[in-house]
Amino acid sequence: MIRLRNIERVFLVGEERVHALRDIEFSAEKGEYIAIMGPSGSGKSTLLNILGLLDRPDNGIYELDDIMTTSLDDKEQADVRRHKIGFVFQFFHLVPRLTAEQNVELPLVLAGVDKAERRKRVHETLEAFGLGDRINHRPDQLSGGQRQRVAIARATIMKPSVILADEPTGNLDRTSGNDVVEILEELNDQGMALIMVTHDPELGMRAQRRIKMVDGFIEEDTGNRV
Ligand SMILES: Nc1ncnc2c1ncn2[C@@H]1O[C@H](COP(=O)(O)OP(=O)(O)O)[C@@H](O)[C@H]1O
Ligand SMILES: [Mg+2]
């Protein structure tokens, strides 16, 4: 489902070249559950951003569901992203002035789904995520854990083939973090691949496969089939 070949990413900071990713070879199959671990600055977010089509590599190729994404223009990439990728950030990235319902329905609006169908799907999802009584709340009226559940609902309402989560529990207490991980794992059980960056070894142990990054390289992969 995902194939990365020889991925390089170099950032220019003033005169200095920061090699954030070096020669990354990585594949993931449909429905896998993968934890990405490693020290701060090792390239985890850079890798996830490239997988999420939020950033482009300087070299190498990225194939997603038989689409060679590296040869698409920005508009075509945005289209692939909307349909195939659900991205969950550490700091939620909800639209502050919109309610939970309006945040979650955004991808459906972009996809041209009609209002009645949108309402039905958004309400079902928010109910399932334990947010049935928070539908009309704005992000600043929700707890961190509730905001992250809204963000996950928004990221997955289009039933993407992969969920990419960058330290989704990094800003939450353990109990809310657990709720969030359980929701992500439930979606994984429904067939969406889950690739999660985490600092938490306990969370890492829950994944079927663990990748350890060091200094822009994949140092260890418990199940790479490249
Ligand atoms: N937009 C950017 N501009 C310059 N350097 C960056 C940028 N993004 C990341 N880096 C650098 O690339 C390296 C990897 O960063 P990152 O992928 O964020 O690491 P991690 O998520 O593992 O903490 C770091 O040295 C970081 O400073
Ligand atoms: Mg990071």
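Surface composition of the chain: carbon and sulfur make up 47 percent of the accessible area, probe 1.4 Å.
The share of C-alpha pairs in segment 53-147 whose separation exceeds 23 Å stands at 38 percent.
How large is the accessible surface per residue of the chain, computed with a 1.4 Å probe and reported in Å² as a whole number?
Details: 11020 Å² over 226 residues.
Per residue, the chain has 49 Å² of solvent-accessible surface.
On a 0 to 90 degree scale, rounded to 10, what angle separates helix 115-128 from the longest Cα axis of the chain? It is inclined by approximately 80 degrees.
Only DSSP H runs of four or more residues enter the estimate; each adds -39500 (n - 2.57), and after division by the residues of the chain the mean residue ellipticity at 222 nm equals -10500 deg cm²/dmol.
Beyond 23 Å, what percent of the Cα pairs of the chain remain? Spell out each step's value before the answer.
Values: 11987 of 25425 pairs.
The proportion of pairs with Cα distances above 23 Å equals 47 percent.
For segment 71-139, trypsin sites (Lys or Arg not before Pro) are listed when DSSP marks them as loop and at most 11 other Cβ atoms sit within 10 Å of their Cβ; the list is Arg97. Each Lys and Arg adds +1 at its Cβ and each Asp and Glu adds -1 at its Cβ; summed about the Cα centre, the chain shows a dipole of about 560 debye.
Counting only alpha carbon atoms, the long axis of helix 74-84 and the longest principal axis of the chain meet at about 60°.
Sum up the lysine pairs in the chain that clear both bars: alpha-carbon distance under 23 Å and a spacing of 8 or more or different chains. So the count of such lysine pairs works out to 13.
Note on Met192: accessible area approximately 10 square angstrom, rounded to 10, probe 1.4 Å, nucleic acids and ligands left out.
Please check the chain for the longest run free of GluC sites (Glu not before Pro) that are loop-located per DSSP (anything but H, G, I, E, B) and have at most 15 other Cβ atoms within 10 Å.
Numbers: sites that count: Glu15, Glu29.
The segment 30-226 is the longest one with no such site.
Computed over segment 1-69, the percent of Cα pairs more than 19 Å apart is 32.
Accessible surface comparison of Leu184, Leu172, Leu110, Leu54, probe 1.4 Å, protein chains only, largest first: the order is Leu110, Leu54, Leu172, Leu184. If one takes the longest principal axis of the Cα atoms in the chain, at what angle in degrees, from 0 to 90 and to the nearest 10, does the Cα axis of helix 174-189 lie? Helix 174-189 sits roughly 80 degrees off the main axis of the chain.
Taking θ as phi - 60° and the Karplus parameters 6.51, -1.76 and 1.60, the scalar couplings of segment 137-146 work out to 8, 7, x, 6, 9, 10, 6, x, x, 5 Hz in sequence order, x denoting glycine and proline. The distance from the alpha carbon centre of segment 49-107 to that of segment 119-158 is 20 Å, rounded to a whole number.
The values are calculated or read from the model by the stated rules, or taken from the named source; none is laboratory data. Everything numeric in this text was worked out from a predicted model, so none of it was measured. Glycine also receives a Cβ, built like all others from the backbone with ideal geometry; neighbour counts cover every protein chain displayed. Keep in mind that these areas ignore ligands, DNA and RNA; they rest on the heavy atoms of the full protein, side chains included. Shrake-Rupley method; radii C 1.70, N 1.55, O 1.52, S 1.80 Å.
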